[in-house]
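Asks: Pasting a structure below so you can have a look.
The values are calculated or read from the model by the stated rules, or taken from the named source; none is laboratory data. Treat the numbers as computed from the prediction; the structure is a model and nothing was measured. Note that each Cβ is placed from the backbone with ideal geometry, even for glycine, and that neighbours are counted across all protein chains shown. These accessible areas exclude ligands, DNA and RNA; they are computed on the full protein's heavy atoms, side chains included. Shrake-Rupley method; radii C 1.70, N 1.55, O 1.52, S 1.80 Å.
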There are 2 protein chains.
Amino acid sequence: MLHDSPMESDSQTPRPALESNTHDIGLRIRQLREERGMSLSELARRAGVGKATLSGLENGTRNPTLETLWSVTAELGVPLAVALGTAPAAPGTTIRGTAVAAVLLEVFEEREATYELYRMTVPAGAAQTSPAHHRGVTEHITVFAGTLRVGPADRPLTAGPGEHISWVSDVPHSYEALGTQDVHATLLIRYPHR
Amino acid sequence: MLHDSPMESDSQTPRPALESNTHDIGLRIRQLREERGMSLSELARRAGVGKATLSGLENGTRNPTLETLWSVTAELGVPLAVALGTAPAAPGTTIRGTAVAAVLLEVFEEREATYELYRMTVPAGAAQTSPAHHRGVTEHITVFAGTLRVGPADRPLTAGPGEHISWVSDVPHSYEALGTQDVHATLLIRYPHR
DNA sequence: GCCCGCTGTTCCGTTTACGGAACGATCGTC
DNA sequence: GACGATCGTTCCGTAAACGGAACAGCGGGC
């Protein structure tokens, strides 16, 4: 058990090029924002940072300050470590769009896909549109209360209590709580690998 | 299982005052640096940042850039998340002082104390001095190879292969590999709580 | 004693991240 | 088609984070 080389292999954290990492962080933030159906302008306004700042951050052309990152990640509702890519999204995380609020309950890592299970609520009358996910991503919703109109933006479906809807979400899609009742549902998202 | 309140409690990450957190990050970085027996000037030079920058960072009077944090944490050999306090030091972490290199093997969290177990090597002839730890911290070293002179800076002890040394490390203490052999040893540090 | 090397902090000029405003592009509405 | 609203990007003046230099304090050597 003591047979490591006398010259300790230099196991310092490899110092990655700054550009590479700000680039990745930008992509991650952009994805988190789009998952919530938020526009760049809206996130910038709600987080209290300039649009120029957020644009540069998402495109990886800036070297952001901790304060900036805190403001943005707080508004996205994720720990800073998630934006940095040093921690996976943890169960218990709440994501908030303009209309949808969803609590991540479980993450299943399978060989060909990752599944995320959410408890989702949409306040009565609220609606939001989310941009397309990556190719092959599917969403599966089971409604418990209220009436939800959901699916591809140009061809949404409607589901009441007890009903279930699935669709491929690699196109822009919308969520809307019809009627006067808040919608409660579970949302399962399947992300195929590659 | 569905009995949560309709008005979702706002579980956004609480937005802490910037001052508070930069302050904590500063303390954490200072501690990591001192654990490695490195001076502020030395860490600044090796990390390629200004002394003013590092001083301000450790004192929490700046709002550091990601680039700065990356440079410093890379030199300390810890992931950025550790400096941010979002991740505990993980086994496998290598810490490097001017003379001592230590790989964290295990962390034991007990009710009254935390224990960290390291595999430690000191190149023949190398020496370093580390500042005092917090009150009550003790170090326990078992030497496997080489001869180690270690302990309070004013009253060090010497241990050869198979020998063991313990001392209270809340005073400045030094490590030195005597003779021509690299020193290999295990190091157990006990941090009492409060 | 003096001096040298080092510590960590403070001062200061330069660089750059910041937010506001202006920009062209892309929608929906009339 | 003209218009308004909103999208994300770019321009630009300001504020501040940056690195270098100067600083006082401290310990060791001769």
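Asks: Consider B:Pro79 carefully, then state whether it is surrounded by 19 or more Cβ atoms within 10 Å (Cβ to Cβ), at pLDDT 90 or above and touching a helix residue (DSSP H, G or I) at 6+ places or on another chain (Cβ under 8 Å).
Replies: Considered against the rule, which asks whether it is surrounded by 19 or more Cβ atoms within 10 Å (Cβ to Cβ), at pLDDT 90 or above and touching a helix residue (DSSP H, G or I) at 6+ places or on another chain (Cβ under 8 Å), B:Pro79 comes out as no.
Asks: If you take the residues of the stretch B:58-76 that are among the β-branched types (Val, Ile, Thr) and open to solvent by less than 10 Å² (accessible area, probe 1.4 Å), which of them is farthest from the other protein chains (Cβ to nearest Cβ)?
Replies: B:Val72
Asks: Do you know which residues across the stretch B:22-66 are more than 8 Å from DNA strand C (Cβ to nearest atom) and outside any helix (DSSP H, G or I)?
Replies: Selection gives B:Arg36, B:Gly37, B:Gly48, B:Val49, B:Gly60, B:Arg62, B:Asn63, B:Pro64.
Asks: In the stretch B:34-57, what residues are touching a residue at least 12 places away in the same chain (Cβ under 8 Å) and away from chain A (no Cβ under 14 Å)?
Replies: Residues satisfying the conditions are B:Glu34, B:Glu35, B:Gly37, B:Leu40, B:Glu42, B:Leu54, B:Ser55.
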